[in-house]
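Step one of this worksheet: look at the structure below.
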Amino acid sequence: MTLLDGKTGLVCGVANRRSIAWAIAQALAGAGMRLAFTYQGDRLKENVEELAATLPDARLYPCDVTSDEDIGAVFQAADRDLGRLDALVHSIAFARREDLEGEFVATDRDGFRVAHDVSAYSLVALTRAAVPLMERAGGGAVLAMTYYGAEKVAAGYNVMGVAKASLEASVRYLAADLGPRGIRVNALSAGPVNTLAARGIRGFTGMLKHHAEKAPLRRNVELREIGDAGLFLLSPMGSGITGEVLHVDCGYHVMAV
Ligand code: NAD
């Protein structure tokens, strides 16, 4: 008997084996949770299929989070395949490349909208769709991924920092709404990790070096450590915690000068 035997989870945001979502999925599966995955489109299907095939009985659904139709279809399929949901992982973000270059002040209406729609509103839409299945499980837990650029200005992070601030506020409002129904909502604020999404950020290599030099632990966080923190918050070990943003960043955020 392991910690999450008999529990089910939906993981949104695996692109490849470097994805934070995959690190969390491995930790959850290792503790006995049965998983389903969404993938963004045909371009990523094969990658996610290959990874999911390494887990017992994993399901796969296509989902572009800008489509309400896609989101509806995912939860219909999850209802049929899993029948209940104990955990939801939201590990999704996007901003146009031109909005991650230059100055934040140059962000136009559409760039601002796209970043917020994909990176913040999608948490609200996915969580709302998950509620009936979580209620059937007698409660559940939702986990989103954020970054320190929501709290302080990180050069080059621009509109993504503003979208992450919206995501973190959404975590608190969702936690307040859904707590009475036994559903917890939290976020991990991860230090920089070299993933597909991170490569879109100008000066990312410099950011990795700066974090490693300044963080109290004098290194960057490992994917496995983010996975373990995700497991903690999504499992009964985190049962008293909701509306929280937990930093998994080797302590970087406590430093001033
Ligand atoms: P990643 O590229 O592996 O994952 C990003 C995912 O977002 C991909 O799977 C992509 O398909 C998905 N996505 C983008 N637009 C989508 C859409 N319209 N519909 C559905 N899915 C969509 O990169 P990652 O670094 O693992 O990012 C996962 C999360 O972690 C993001 O929220 C990111 O902001 C956050 N985060 C990353 C870092 C880092 O340094 N890598 C640090 C802190 C937080």
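Cross-link partners of LYS152 among lysines, defined as those whose alpha carbon lies under 23 angstrom from its own and excluding same-chain residues fewer than eight positions apart: LYS164, LYS209, LYS214. As a proxy for reagent exposure, MET145, MET237, MET255 were ordered by neighbouring Cβ count within 10 angstrom, fewest first; the result is MET255, MET237, MET145.
How high is the relative contact order of the chain, in percent, counting Cα pairs under 8 Å that sit 6 or more residues apart? It comes to 20 percent, rounded to a whole number. For the chain, DSSP calls about 0 percent of its internal beta bridges antiparallel. Listed from fewest to most Cβ neighbours within 10 Å, the set ASP86, ASP42 follows the order ASP42, ASP86.
Using a/c under 1.5 as the rounded threshold, could you call region 106-156 rounded, prolate or oblate? The axes a ≥ b ≥ c are square roots of the C-alpha gyration tensor eigenvalues, and prolate needs a/b larger than b/c, oblate otherwise. Judged from the Cα gyration tensor, region 106-156 comes out oblate (a/c at least 1.5, b/c at or above a/b). Neighbour counts of other Cβ atoms within 10 Å put LYS164, LYS152, LYS45, LYS7 in the fewest-to-most order LYS152, LYS45, LYS7, LYS164. Each of GLY161, TYR252, VAL105 was scored by the projection of its Cα onto the charge dipole of the chain, and the greatest displacement toward the positive side belongs to TYR252; charges sit on the C-beta of Lys, Arg, Asp and Glu.
Since every read-out is calculated from the coordinates, none of them should be taken as a lab result. Remember, it's a predicted structure, so these values are computed and weren't measured experimentally. All Cβ positions, glycine included, derive from the backbone under ideal geometry; neighbour counts span all protein chains shown.
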